Every structure is written in structure tokens, then in C-alpha cells.
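The values are calculated or read from the model by the stated rules, or taken from the named source; none is laboratory data. All values derive from a computational prediction rather than experimental measurement. Virtual Cβ from ideal backbone geometry, glycine too; neighbours counted across all protein chains shown.
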Amino acid sequence: MNVGKKETRHHFNGELHDKIEKSAASKPKRWTRVHQILHDDRGVRYFFVAIFIIIATGVGLLAMLAQYEDPKIITLGTIIRKKIEQKYYSPLTGNEVVDETATKRAVTGIMIENSTSARPQSGLKDSGVVFEAIAEGGITRFLAIYQQEQPALIGPVRSVRPYYVDWIAAFDASVAHIGGSYNALKEVRNGQYRDIDQFFNSGSYWRAKDRKAPHNVYTSFEKLNALNEAKGYKESTFTGFNRVSIEPEKKTTKKKVETTTPEVANQVQVNISGVLYNSSYSYNTSTNTYDRSQAGAPHTDREAGQISPRVVIVMKVPTKLGFEDGYREQMTTIGTGEAHIFQKGTHIAGTWKKDDKKSQIKFLDNSSKEIPLERGQTWITAIAPGKNVTWQ
């Protein structure tokens, strides 16, 4: 039996050999090597093994590339795939930014005055987040926080209070101001903050000639960026507010349970202290923002026009008079309290929660879940528990 098989194999190889001999005689010399390889049994095996490896490699390569999105085969057998574009978002506003470096851009908070002599202000419209609270005598003041948007002119700049320092602490930000109350300066100068007080950095601020002191101190991001760079404040790493996802929701067979039902809120009125400082908001359907008014008139930025945040939040914060370098407003920023969130023409009742100075404020619904905020400028007003906010 073995002899028969051997003879059969030799017979097959002989026929194959004769065919290759004839073919090689009519082909150029490059076929000589093929003839030599196939001359014996091993050559035949190597030939078919090589063919198998080539085919298997090709199939494997195609299978590997199949996992990528939208593979395309072009001329010369080159295989390419559609590049999946990576997107990046500002942790301050949630807005899309150009690259990962932009997400770490240094953050700066600036104290901006709101007395009647300071209006209209400059730079408020282009801030990312604004905290508003009473500074003294019922007069409100703004802590405007910037990362991506950096207006050329900002002011008038004024002094800082302890509760603004507590709010800015979560943003890993520089703090631009002109002095402050005793407790505020004690805190902001303790080495844990990026303090860029005008008292020690006068070259980064100036007094305008068209306003009377003390309502005439301004700054610019050209000067503040140079100051931050010189002090080594080149990046900010922090957790921003919970923002609405831009990714499409995945289909699920589970029934979605609504924990909070938003109410219609096209008009919002905030009672802060009095007619000169109370604010109101009118929902603008064309821009999906709230046009802000105060003292019964539109609140405008001197250079940029109507101020229109995308999200308006009113927090009720424990407030009392306390003695520092005199009797001043004191707000309890650590803890929890009532909150009202307005966005997309709706209202959600919830709570605010801040665990410690460095922790970011969270806004929770009635199931203690974070409320996703729309992406864009967020305006947060802190009022005493005895004050009120209404909507319709």
C-alpha cells in the first residue's frame, strides 16, 4: 500500500514537473526559481503553504479593519478609515472648545460692582459663570468667572467678600479684586488661592477717566493673562457643573422614570433687596436664553449689549450680619438649601449642596440626583431665605 501511494505521488509530481518544465522553457528566467522550488515534494508543500498564508493574512487584515467606522478601500489596495473626531468641552460652561489644552485653560474670577454708579458694566455678558449676592447695604455685587471667553474690558472691579471666596474655591481660579473685608482677605491671602489683588498688582489695573472713583477701576485679559503667566497660573483643573449630555440617548426597553416634572417659566422675578437691585428674566425662545433685567430695565453690557444667560439659578442661602471690620453680610455657603433652576423656559425646584470650600456646588432634584444644566452662561443669585423668587 505504501509503495502504491508513493508511486501515485511520483506520478502526480512527474506530470506537474513536465508541465512546469514546458512552461518554464517559454517564460523568462524569473520563472526558473519557481521551477526549482516546485521540483521536489517540499517545494509543492511550501508553495501551497505560502498561498494559504497570503490569503489568511489578507482575510485577517480585513477583519481587523472591519471594526473601525466606515472603512474605505481606495486605489492600489490602500485601506483607510474615517477618522473619528474627538470633541472637547469647557468644564466651566460645557461649550465645545478647540482641543484638550483649551479645557485646562486658566480660570479667572473677577469681582464686578453693581451699584447704580457702576452701570452699565463691561465684560459681564461674556463671562461663563456669574455669582450674584448682596455685598453691603442691599447693594449686590458679581463674581464673574471666565475661561474661554476673555473680553477686552472688564469692570468696574471692586472688593471681595468671604462667600465669594468660598464659591471661587472650587474653580482653581485666580481671584481679581481690589482689597476686601477682613475675613475675605484673611482667607484669600492664606496661600491656598491664586490671589491677584490690585493692591499688589497695580500695573494690571487702571482707573478710567469717564467714571468717578471708586467706581472706575478696570482691567483687561491682556493684562490679567500676562499677570497669571508671570505667577505661573497657567492651567486650571476643576470639576464644573453637571451639564446636559450632547450624546444621543441610547435606546432602551426600560420605561423612563421622570423624577422631576419641569413647570413653565417664561417670566422670572427675583426679590433680592429692593427695586434698584431686584432682577427679572424673560425667556427668549429664539436664543433659548433668559434676557436679564434689573431695576425694571434691561441689564446690558456697555460694549456687548443685552445680558442673556442660558441658565438662571436662585439659591436660598442662610444670611445674617456679622462683625469683621464692621458689620457685614455673612452667608453660609457650606451645606445645603433650597434652589430654583430655570432653563429652556421651565422651572425645576431642587436643592443646592456644597460639602466644603473646595467642593463644587451641586444642584439636586427631589430624588437627590444632579440636575443637568444647559450648556452656556450660568447666572447664580444667592438670596436670603426670607426673600422670594416667582415665575410664570
For segment 365-392 the number of residues that are crowded, with 18+ Cβ neighbours inside 10 Å, assigned to a strand (DSSP E or B) and either of a type outside the set (Gly, Ala, Ser) or not assigned by TED's automatic domain parsing to the domain that holds residue 319 (or both) is 8
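In segment 148-162, how many are outside any loop (DSSP other than H, G, I, E, B) and either of a type in the set (D, E, K, R) or out of contact with any helix residue (DSSP H, G or I) (no Cβ under 6 Å at 6 or more places or on another chain) (or both)?
Narrowing segment 148-162 to residues outside any loop (DSSP other than H, G, I, E, B): 154-155, 157, 160, 162.
Among the residues that remain, those that are also either of a type in the set (D, E, K, R) or out of contact with any helix residue (DSSP H, G or I) (no Cβ under 6 Å at 6 or more places or on another chain) (or both) are: 154-155, 157.
Selection size over segment 148-162: 3.
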Residue count, segment 107-125, condition closer than 17 Å to residue 174 by Cα and not aliphatic (A, V, I, L, M), comes to 3
| task | For segment 302-322, state whether one or more residues are surrounded by 15 or more Cβ atoms within 10 Å (Cβ to Cβ) and in contact with a His (Cβ under 6 Å, 6 or more places away or on another chain). | result | yes
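Could you check how many residues of segment 323-336 are among the β-branched types (Val, Ile, Thr) and either in a strand (DSSP E or B) or crowded, with 19+ Cβ neighbours inside 10 Å (or both)? Give the steps one after another, and end with the answer.
Keep residues of segment 323-336 that are among the β-branched types (Val, Ile, Thr), which gives 332-334, 336.
When the remaining residues are screened for being either in a strand (DSSP E or B) or crowded, with 19+ Cβ neighbours inside 10 Å (or both), the result is 333, 336.
Residues flagged as among the β-branched types (Val, Ile, Thr) and either in a strand (DSSP E or B) or crowded, with 19+ Cβ neighbours inside 10 Å (or both) within segment 323-336 amount to 2.
Which one of 281, 277 is among the hydroxyl-bearing types (Ser, Thr, Tyr), more than 27 Å from the chain's Cα centre (by Cα) and at pLDDT 95 or above? Full working, then the answer.
Working: 281 fails: more than 27 Å from the chain's Cα centre (by Cα).
Going through 281, 277 in turn, just one is among the hydroxyl-bearing types (Ser, Thr, Tyr), more than 27 Å from the chain's Cα centre (by Cα) and at pLDDT 95 or above: 277.
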Checked segment 193-242 for anything in a helix (DSSP H, G or I), aliphatic (A, V, I, L, M) and touching a strand residue (DSSP E or B) at 6+ places or on another chain (Cβ under 9 Å); matches are 224, 227
- Do we find that residue 349 is assigned to a strand (DSSP E or B), in the same structural domain as residue 139 (by TED's automatic domain parsing), of a type in the set (Gly, Ala, Ser) and surrounded by fewer than 16 Cβ atoms within 10 Å (Cβ to Cβ) in this structure? yes
